[in-house]
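In what follows, a structure is listed as structure tokens, so that the remarks can point back to it.
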Amino acid sequence: MSTARIAVVILNYNGRKHLENFLPSVLASTYAGMRVVVADNASTDDSVAFVRERFPSVEILTHERNEGFAGGYNWALKEVESDYYVLLNSDVAVTPGWIEPVVALMESDHNIAACQPKILSYHQPELFEYAGASGGWIDSLGYPFSRGRIFDVCEKEAHQYDDARPVFWASGAAMFVRANVYHRLGGLDASFFAHQEEIDLCWRMQLAGYKVMVCPASVVFHVGAGTLPRGGRKVYLNFRNNLVMLCKNLPWYEKAWKLPLRFALDSVSAWKGLFTGDRHFFTAILKAHMSVLAYFFTRRPKRQFARKPLRELDGVYRGSVVWQYFVKHRTRFQEIIGKKA
């Protein structure tokens with residue numbers, strides 16, 4: 001039995017309802033070396049007082065300002081000593097033995113830096129959940145998708161993705177991370193605030209020579225869509241962060257043609273939104289593109305390691321998931337990638 005220390009760290013912002021509903025399942029976990037930490041990101045509700053009164057065994061960290069998912073975890077994890085961190089959303093229900101399979105897998109190979117469980121929908125448990133499903137992939141142009149979720153289509157879970165295998169990214173909804181690697185790579189990019197920061201971190205892990213895995217023997221259930229309300233801010237962060245991630249991690253000869261193509265494809269989405277009456281969607285993408293251009297011409301990220309071609313990394317589809325989904329109308333992972341992936 002593993003003696004590795006596990007710190008389950010739940011970042012909270014005005015999430016009393018989620019903590020009330022889902023903390024009991026976390027505290028019922030059977031792993032002996034687990035501690036549970038709630039890191040409060042400057043909540044204005046009574047979350048902290050509620051946890052102190054109802055769940056006295058839970059450790060609490062408080063911060064004076066809301067720095068989002070990325071910045072929030074960076075400050076919190078500096079305060080937590082452990083062998084592994086679990087970045088767990090407050091709206092995730094876990095199963096009692098969810099920790100043991102992941103720790104066993106990561107302990108079997110110290111080159112595994114991050115791993116996620118299989119993530120199913122809390123409200124529709126027969127379906128995979130949007131944020132990660134059974135492991136994250138990315139296509140040649142940087143569009144993320146998952147084993148079990150292509151864009152907004154979540155597949156029915158029929159044990160078709162039950163093999164533990166390398167993937168491109170592990171979901172931030174329930175992400176096991178080797179603590180020393182997290183700190184060595186500088187953690188999450190705080191400038192992302194929220195959305196796709198875990199993909200950027202996993203990309204950097206792979207560039208540094210580590211593996212990212214999915215362990216479907218571990219199962220959790222995620223409510224989802226709770227980080228930010230749907231709207232312009234969410235659209236802006238998704239489009240901006242995805243493109244900034246390409247700026248940071250692609251080699252220059254891939255950026256030279258992939259970034260202009262992505263700008264063009266994003267613009268098609270923006271104009272489509274405008275013509276269908278969604279002015280805020282159009283404006284959010286325009287602002288995202290302006291922000292990315294400013295980033296590209298004014299910032300030079302510190303090079304920690306060689307930027308390998310995207311195709312050389314795990315969990316990469318060398319074609320276009322956009323083409324497969326919107327033109328060929330393929331909505332299942334196995335239809336696009338093949339049965340063996």
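From G135, G148, G68, G142, grab the single residue that is buried (at least 17 other Cβ atoms within 10 Å of the Cβ), modelled with pLDDT under 95 and not aliphatic (A, V, I, L, M). Explain how you work it out, then say what you get.
Values: G135 fails: modelled with pLDDT under 95; G148 fails: modelled with pLDDT under 95; G142 fails: modelled with pLDDT under 95.
None of the other options fit; the residue is G68.
Listed by first and then second residue, the pairs with beta-carbon distance under 6 Å, at least 6 apart or on different chains, first residue in the stretch 174-199 and on the phi > 0 side of the Ramachandran plot, second surrounded by fewer than 22 Cβ atoms within 10 Å (Cβ to Cβ), are G187/N74; H195/N238.
One residue alone among S82, S43 is touching a helix residue (DSSP H, G or I) at 6+ places or on another chain (Cβ under 7 Å), of a type in the set (S, T, Y) and in the same structural domain as A194 (by TED's automatic domain parsing), and that residue is S82.
Only one residue in V48, V38, V80 is modelled with pLDDT of 95 or more, surrounded by 15 or more Cβ atoms within 10 Å (Cβ to Cβ), aliphatic (A, V, I, L, M) and in a loop (DSSP other than H, G, I, E, B). Which one?
On the way: V48 fails: in a loop (DSSP other than H, G, I, E, B); V38 fails: in a loop (DSSP other than H, G, I, E, B).
Only one candidate passes the filter, namely V80.
Okay, residues lined up against (1) out of contact with any Gly (no Cβ under 9 Å at 6 or more places or on another chain); (2) within 26 Å of L201 (Cβ to Cβ); (3) at pLDDT 95 or above:
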residue	(1), (2), (3)
P301	yes, yes, no
Q304	no, yes, no
K308	yes, yes, no
G319	yes, yes, yes
Y325	yes, yes, yes
H329	yes, no, yes
I336	no, yes, yes
K339	yes, no, no
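Of all residues in the stretch 90-134, those satisfying the criterion of being out of contact with any Gly (no Cβ under 7 Å at 6 or more places or on another chain), part of a loop (DSSP other than H, G, I, E, B) and not acidic (D, E) are T95, P96, G97, W98, H110, N111, Y122, H123, Q124, P125, G132. For G277, state whether it is modelled with pLDDT under 90 and in a loop (DSSP other than H, G, I, E, B). Here the answer is yes, as G277 does meet what is asked. Scanning the stretch 178-192 for residues that are among the polar types (S, T, N, Q) and in contact with a helix residue (DSSP H, G or I) (Cβ under 9 Å, 6 or more places away or on another chain) returns a single hit, S191. Starting from residues that are in contact with a helix residue (DSSP H, G or I) (Cβ under 7 Å, 6 or more places away or on another chain) and part of a strand (DSSP E or B), keep the ones in the stretch 51-62 and report whichever is farthest from I112 (Cα to Cα). Once the filter is applied, the top-ranked residue is T62. Farther than 19 Å from A131 by Cα, without any contact (Cβ under 8 Å) to a residue 60 or more places away in the chain, of a type outside the set (A, V, I, L, M, F, W, C) and not in a loop (DSSP other than H, G, I, E, B), is that true of E20? Taking the combined requirement at face value, the residue satisfies it.
Is the stretch 63-77 home to any residue that is assigned to a helix (DSSP H, G or I), of a type in the set (S, T, N, Q) and without any contact (Cβ under 8 Å) to a residue 60 or more places away in the chain? Walk me through it before giving the result.
Just the residues of the stretch 63-77 that are assigned to a helix (DSSP H, G or I), to begin with: 68-77.
Next cut, of a type in the set (S, T, N, Q) only: 74.
Now drop any that are not without any contact (Cβ under 8 Å) to a residue 60 or more places away in the chain, which leaves none.
No.
Would you call F263 more than 22 Å from I199 (Cα to Cα), in a helix (DSSP H, G or I) and in contact with a Leu (Cβ under 9 Å, 6 or more places away or on another chain)? Break it down into steps so the answer makes sense when it comes.
On the way: more than 22 Å from I199 (Cα to Cα): no; in a helix (DSSP H, G or I): yes; in contact with a Leu (Cβ under 9 Å, 6 or more places away or on another chain): yes.
It is false that F263 is more than 22 Å from I199 (Cα to Cα), in a helix (DSSP H, G or I) and in contact with a Leu (Cβ under 9 Å, 6 or more places away or on another chain).
The values are calculated or read from the model by the stated rules, or taken from the named source; none is laboratory data. All of these numbers come straight from a predicted model, not from anything done at the bench. No Cβ is skipped: glycine too gets one built from the backbone with ideal geometry, and neighbour counts run over all protein chains shown.
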